[in-house]
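This report concerns only the one structure given below.
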Amino acid sequence: MTGPHRSSHDVAGDRPGRDRVDVGGIAIDRVDTRQTVARCSELVRLGGPRHAAGVNASKIVDAQDDANFARTLREADLVNADGMSVVWASRVLGDGLPERVTGIDLVGPMLDMAVDNGWPVYFLGARAEIIARAVRVLEEAHPGLEVAGFRDGYIRGEEEAAVAGVRASGARVAFIGLHSPMKEELFDEYRDHWGDCLVVGIGGSFDVIAGEISRAPRWAQRMGLEWLHRLMSEPRRLWKRYLFGNTRFIALVLRQRIRPR
């Protein structure tokens with residue numbers, strides 16, 4: 001992805017004073033779900049553009065080979081542990097994170113926050129029929145929600161126009177349901193083009209919200225086995241990612257345990 005040259009202004013991700021945990025060279029904020037929502041509220045009030053990202057084992061592994069991706073994660077205003085494997089890794093490293101904070105689990109509380117404050121919200125991602133259905137579901141679940149707009153995630157070659165659409169909508173919060181590193185690259189390449197907006201990456205959450213795919217049962221989520229549910233649902237697409245990615249992540253954590261950064 002190519003785009004405008006990013007500005008040299010200071011990024012909030014580099015500010016001192018944040019309580020963070022290093023896992024594989026990626027600093028993750030030591031916050032639970034409630035604290036994350038509170039922090040997102042602060043970021044909206046500070047004014048944008050702002051970036052809230054989640055990281056799982058796969059993203060940490062990918063960041064080892066992609067310096068720009070790693071930098072974008074390091075510069076984010078908020079970084080959550082979006083995966084139990086990351087939480088477990090932090091505990092192995094002796095600097096435990098309180099819990100995983102997934103993108104889909106943030107949507108509801110953050111929309112309640114948006115309703116309470118009158119903040120317009122934008123939704124970007126998934127197929128056209130899926131995003132339209134997901135928005136209807138969310139509007140029904142959150143009366144009073146001001147939907148600034150929505151668009152499908154098929155934006156290759158139209159990235160600048162997609163970001164311009166978010167800005168023109170006046171959204172204060174934008175949920176981005178694209179795969180990684182595309183959604184992180186989208187924020188980074190057009191950093192100064194989002195307007196006064198907090199950009200929150202939520203991966204494939206729109207498919208779940210719309211009922212297109214199922215989420216793992218609660219017991220599997222609590223045990224950190226949501227990845228297994230996904231693997232069983234899409235074995236052809238995901239088996240290499242989980243087999244090789246998880247093996248490499250374990251090796252990365254063990255190496256960090258032996259030789260701390």
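The values are calculated or read from the model by the stated rules, or taken from the named source; none is laboratory data. These figures come from a predicted structure and were not determined experimentally. Ideal geometry is used to build each Cβ from the backbone, glycine not excepted, and the neighbour counts take in all protein chains shown. Each accessible area value is taken on the protein alone, full model and side chains, heavy atoms only, with ligands, DNA and RNA left out. Shrake-Rupley method; radii C 1.70, N 1.55, O 1.52, S 1.80 Å.
Criterion first (modelled with pLDDT of 65 or more, buried (at least 19 other Cβ atoms within 10 Å of the Cβ), out of contact with any Phe, Trp or Tyr (no Cβ under 9 Å at 6 or more places or on another chain) and of a type in the set (Val, Ile, Thr)) does residue 209 satisfy it? Break it down stepwise before answering.
On the way: modelled with pLDDT of 65 or more: yes; buried (at least 19 other Cβ atoms within 10 Å of the Cβ): yes; out of contact with any Phe, Trp or Tyr (no Cβ under 9 Å at 6 or more places or on another chain): yes; of a type in the set (Val, Ile, Thr): yes.
Considered against the rule, which asks whether it is modelled with pLDDT of 65 or more, buried (at least 19 other Cβ atoms within 10 Å of the Cβ), out of contact with any Phe, Trp or Tyr (no Cβ under 9 Å at 6 or more places or on another chain) and of a type in the set (Val, Ile, Thr), residue 209 comes out as yes.
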Go over the candidates 95, 29, 82, 105 one by one and state the one that is open to solvent by 10 Å² or more (accessible area, probe 1.4 Å) and out of contact with any helix residue (DSSP H, G or I) (no Cβ under 9 Å at 6 or more places or on another chain). 95
Take the residues in region 57-85 that are in contact with a strand residue (DSSP E or B) (Cβ under 6 Å, 6 or more places away or on another chain) and β-branched (Val, Ile, Thr); name whichever of them is nearest to residue 191 (Cα to Cα). 79
Suppose we filter region 138-195 for residues that are open to solvent by less than 70 Å² (accessible area, probe 1.4 Å) and touching a Cys at 6+ places or on another chain (Cβ under 8 Å); how many remain? 5
What is the number of the single condition among (1) part of a helix (DSSP H, G or I); (2) over 21 Å from residue 185 (Cα atoms) that residue 143 does not meet? (1)
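State yes or no: is residue 73 surrounded by 23 or more Cβ atoms within 10 Å (Cβ to Cβ), in contact with a helix residue (DSSP H, G or I) (Cβ under 9 Å, 6 or more places away or on another chain), over 14 Å from residue 31 (Cα atoms) and in contact (Cβ under 8 Å) with a residue 24 or more places away in the chain?
Numbers: surrounded by 23 or more Cβ atoms within 10 Å (Cβ to Cβ): yes; in contact with a helix residue (DSSP H, G or I) (Cβ under 9 Å, 6 or more places away or on another chain): yes; over 14 Å from residue 31 (Cα atoms): yes; in contact (Cβ under 8 Å) with a residue 24 or more places away in the chain: yes.
In short, yes.
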Residues (more than 19 Å from residue 197 (Cβ to Cβ) and among the aliphatic types (A, V, I, L, M)) located in region 108-133: 126, 128, 130, 132
Which members of region 176-216 meet the condition of being over 16 Å from residue 103 (Cβ atoms) and out of contact with any helix residue (DSSP H, G or I) (no Cβ under 8 Å at 6 or more places or on another chain)? 191, 192, 196
I need every pair where a residue in region 155-179 that is over 17 Å from residue 204 (Cα atoms) and among the charged types (D, E, K, R) has its Cβ under 7 Å from the Cβ of a residue that is at pLDDT below 95 and open to solvent by 30 Å² or more (accessible area, probe 1.4 Å), sequence separation at least 6 or different chains. 159/1; 159/3; 160/3
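Considering 37, 79, which residue is in contact (Cβ under 8 Å) with a residue 24 or more places away in the chain and over 21 Å from residue 116 (Cα atoms)?
Numbers: 37 fails: over 21 Å from residue 116 (Cα atoms).
Sole residue among the options that is in contact (Cβ under 8 Å) with a residue 24 or more places away in the chain and over 21 Å from residue 116 (Cα atoms): 79.
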